[in-house]
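Where a number appears in this text, it was derived from the coordinates with a stated rule and is not lab data. Predicted model only: the values in this text are computed from it and were never measured. Positions of Cβ are backbone-derived with ideal geometry, glycine not excepted, and every protein chain shown enters the neighbour counts.
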């Protein structure tokens with residue numbers, strides 16, 4: 001029996017919806033093509049976020065590829081800005097399965113300029129939580145995994161609604177690259193088998209390794225003490241030769257790491273720090289946008305502005321305070337996979353340079369090479 005044209009169309013539409021619903025971008029475009037001044041749009045958005053109960057941990061300029069381009073005619077002159085947020089209810093959600101999941105607690109919103117106007121996107125918390133919590137899925141706790149994903153969708157919907165209160169532009173909800181399938185995210189599918197390994201924080205000890213431990217019997221006071229030591233180390237940090245020579249450096253200040261955000265678990269026995277630096281932002285956005293560059297837009301890679309900051313987790317276990325941070329090859333795969341295999345091949349040494357630089361900066365004299 002032949003299917004009617006109407007029924008056939010309906011089946012095709014259902015198949016299309018099912019397919020697209022299973023695909024998740026790391027970035028989610030919320031508002032497109034706002035005409036106006038990026039500073040004014042940013043201030044308006046800040047007010048909306050505050051009124052909606054978000055804690056603004058940081059609001060600052062983000063480096064663009066111009067910082068690593070010495071020739072003026074190669075620069076784009078575009079701007080980007082980043083909000084790093086927390087939300088008390090969201091923090092309680094992500095830590096409900098354990099404090100290690102505090103690593104997912106930052107919410108990030110970026111504004112960036114293009115020739116068509118100002119765009120606003122978010123680091124999609126649903127996609128990120130599908131990755132962060134996939135050890136539950138792989139260890140036989142699929143219902144708990146699905147529960148977290150379902151509740152995260154509610155927070156994502158709320159964040160989108162608040163962001164879309166901003167004046168002007170077109171309100172959209174468009175997944176942006178890198179895009180992965182729901183099943184791949186749940187099963188920590190490998191993007192690059194040899195170079196990166198499984199897309200999981202906790203089912204592979206190489207991806208989110210412990211980089212330091214210290215005895216701590218002082219609870220939160222001990223965590224604050226270690227953070228203070230780290231801040232002093234950051235001030236004293238001097239980059240290695242490899243770090244300095246990797247790419248054109250505009251001035252020494254762009255190689256300094258800084259903590260731009262900090263949030264505690266509800267029981268105060270874990271703390272998440274967010275670190276970034278100008279050189280790393282600019283270079284990674286240069287690489288991310290290279291194959292998309294054109295005469296009209298020389299800096300398309302700034303649509304990845306919510307890839308930062310880098311997460312550093314301090315967590316109490318028995319009488320030890322442990323410090324973890326993601327291996328940079330894994331993190332780059334997570335946020336910059338769409339740059340393509342050739343980009344990863346051409347910059348194979350960059351992740352290891354960053355791993356060493358970040359750990360040296362944080363740990364100072366306590367840093368030890370693997």
message: Using only the alpha carbons of the chain, what is the convex hull's orientation-averaged projected area in square nanometres?
response: 21.3
- line: Going fewest to most other Cβ atoms within 10 Å around each Cβ, 58, 105, 265, 352 line up as 352, 58, 265, 105
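Sort 299, 271 by Cβ crowding within 10 Å, fewest neighbours at the top.
Details: 299 26, 271 23.
Ordered from fewest to most neighbouring Cβ atoms within 10 Å, 299, 271 come out as 271, 299.
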- prompt: Tell me, what is the Rg over Rh of the range 169-214, with Rh the Kirkwood radius over Cα pairs?
  reply: 1.17
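Rounded to the nearest 500, what is the chain's calculated 222 nm mean residue ellipticity when only DSSP H runs of at least 4 contribute -39500 (n - 2.57) each, over all residues?
On the way: 13 runs with 141 residues, N = 370.
After summing the helix terms and dividing by the residues of the chain, the value is -11500 deg cm²/dmol.
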query: Out of every Cα pair in the range 269-370, what percent are spaced more than 19 Å from each other?
result: 49
statement: Distance in Å, no decimals, from the C-alpha centre of the range 277-298 to the one of the range 332-366 is 16
query: Hey, fewest Cβ within 10 Å first, where do 165, 354 land in order?
result: 165, 354
field: For the range 46-163: Kirkwood Rh in Å [reciprocal of mean 1/r, alpha carbons]
entry: 16.0
statement: Inter-part gap, Cα centre of the range 230-271 to Cα centre of the range 74-92, in whole angstrom, is 18
